[in-house]
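Written out below as structure tokens is the structure these notes cover.
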Amino acid sequence: MSFARKHVTSILTSALLITASVSFSGCRSDQNINVKPEDYSSPVTDTPVTTAPEITEPAVTEPEIKLPDISTVRVRPEETEDAKYSSLSDFESCFTVKDGYYQLCFLEDKEFEDRINADIKDAVNKLKSDRGEDDYSYEASRSHSKNVIDAGGIMADIIIRNGFLSVMLEYGYYEPYGTELAGSYSNLLKDKNTIYFDYAVTLNYELTTQAKINSISEMFYNDADWSQDITSAVYKEYHGNPSFLPEGEPELFTLDYILVPTEDGDYAAVRYNSSDLNLSYCSDMIASHYRSMAGISSLVSDSIYEMYTQSSIETCPNCGFNYIHLRFDTSRFYSDDELIQMNRELETLYDHGFMGRENHECNSLRSNYGTVRQYNPESNKRNFGIDLWSYSDKENKLYFFDPNSYERRKARNRTGDRLELA
């Protein structure tokens, strides 16, 4: 072992001896030392560990969308698009009959739809109560309409147009040819005879504001004289000789007609719109003007009116017979001078085979062409892109005539919305 290593070992040994001597001398004493044992009788509890509170994000709530009031709809706009209207593309799927009740099924907002269906259910129950012991099961079986049969003989007329909805429910009317009475305008307008109902209830709504309409005045602009407007429209629709006129504010009404109580205790439908005139009798009525219904239903569709003006028949001053002589006599789209000019052109077109003027001899039976629709060059330009006169016959075939030569032109083929002519 080297000298250095011996020296270090000697130093460490001395240090250990000194330390031991000090420690032992500190423990020696003449007094007894009592050591108190630890008391484990009390439970030992851990000090609670506090954790920082969990930070949660505040709940995010969507702001409630407040619908505008119907008063905003009643403000007359500066301009309107009167060549088209907004309605549904498919009326067969806009309602159903469930458990004997008509139910709408076309609205995007199902809560709003449920409210209307609840109103319809209440209305049907009222009809059944008013009916009493009257049984219309036979009429329902004759209607050939499954919906009317499933509804126990109750018919529904559903009209949806330019943001408004009308629902008329009734007992006692024979549904013609099983036609479903649902559309952009009432199919009852096509029946020019007086139509009577035994028991009826009407419901009306403005769809963009989801407002239930309780007064017919709410269907008109706020600066309009709705009573005068309707009276004037009724006289036009019935050629100055209506069998019934509404008195005061009607209780039962739709977008197209009013139900007037009769002396026999039933109701007569008094029309103030016409399927021929395309809803232009009441110019102060909001639904007579285009309003988009986008977002209300996936079935919403905009359509262009097929005809701009109303046609009429002539009465022979000698024998009093009516005969087919279609003329433009009323329009909100053309001035009186323009109508006179169109009627002059019609007379020339008739001489060249244009349908709409019957060869009339006094006291002879008049023929029936069926449904004849006439279109002036402006309407054809919008629909087909061609500047021609045209008419469609009862088989819905189109025939075109040149506005200059008045000769008939043949349609060769159709591409999209345009026609190629031979």
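The values are calculated or read from the model by the stated rules, or taken from the named source; none is laboratory data. Predicted model, so just to flag it, every value in this text is computed and none were measured. Quick reminder, even Gly has a Cβ in these numbers, built from the backbone with ideal geometry, and neighbours come from all protein chains shown. These accessible areas exclude ligands, DNA and RNA; they are computed on the full protein's heavy atoms, side chains included. Shrake-Rupley method; radii C 1.70, N 1.55, O 1.52, S 1.80 Å.
Restricting attention to the stretch 153-199 and to residues that are more than 25 Å from residue 87 (Cα to Cα) and open to solvent by 40 Å² or more (accessible area, probe 1.4 Å), the residue that is modelled with the lowest pLDDT turns out to be 174. Residues that are open to solvent by 20 Å² or more (accessible area, probe 1.4 Å), over 21 Å from residue 293 (Cα atoms), in a loop (DSSP other than H, G, I, E, B) and touching a residue at least 60 places away in the same chain (Cβ under 8 Å) are absent from the stretch 200-212 altogether. If you check 261, 246 for being over 19 Å from residue 330 (Cα atoms) and buried (at least 19 other Cβ atoms within 10 Å of the Cβ), only one passes: 246. Looking across the stretch 65-100, the residues that are loosely packed, with under 13 Cβ neighbours inside 10 Å and within 21 Å of residue 185 (Cα to Cα) come down to 90, 92, 93. Checked against (1) open to solvent by 50 Å² or more (accessible area, probe 1.4 Å); (2) modelled with pLDDT of 90 or more; (3) hydrophobic (A, V, I, L, M, F, W, C), residue 149 passes all but a single condition, namely (2).
Quick check on residue 221: is it hydroxyl-bearing (Ser, Thr, Tyr) and open to solvent by 20 Å² or more (accessible area, probe 1.4 Å)? No. Cβ-Cβ contacts under 6 Å between residues 6 or more apart (or on different chains), taken from a first residue in the stretch 101-123 that is surrounded by fewer than 19 Cβ atoms within 10 Å (Cβ to Cβ) to a second residue that is in a helix (DSSP H, G or I), are listed as 103/117.
When every residue of the stretch 239-261 is checked against the conditions, none turns out to be at pLDDT below 85, touching a Lys or Arg at 6+ places or on another chain (Cβ under 9 Å) and more than 27 Å from residue 71 (Cα to Cα). Among residues of the stretch 391-412 that are over 19 Å from residue 346 (Cα atoms) and surrounded by fewer than 16 Cβ atoms within 10 Å (Cβ to Cβ), those with a Cβ under 9 angstrom from a residue that is of a type in the set (Asp, Glu) and modelled with pLDDT under 90, sequence gap 6+ or separate chain, pair up as 412/420.
Checking each residue in the stretch 131-145 for being touching a residue at least 24 places away in the same chain (Cβ under 8 Å), open to solvent by 70 Å² or more (accessible area, probe 1.4 Å) and assigned to a helix (DSSP H, G or I) picks out only 142.
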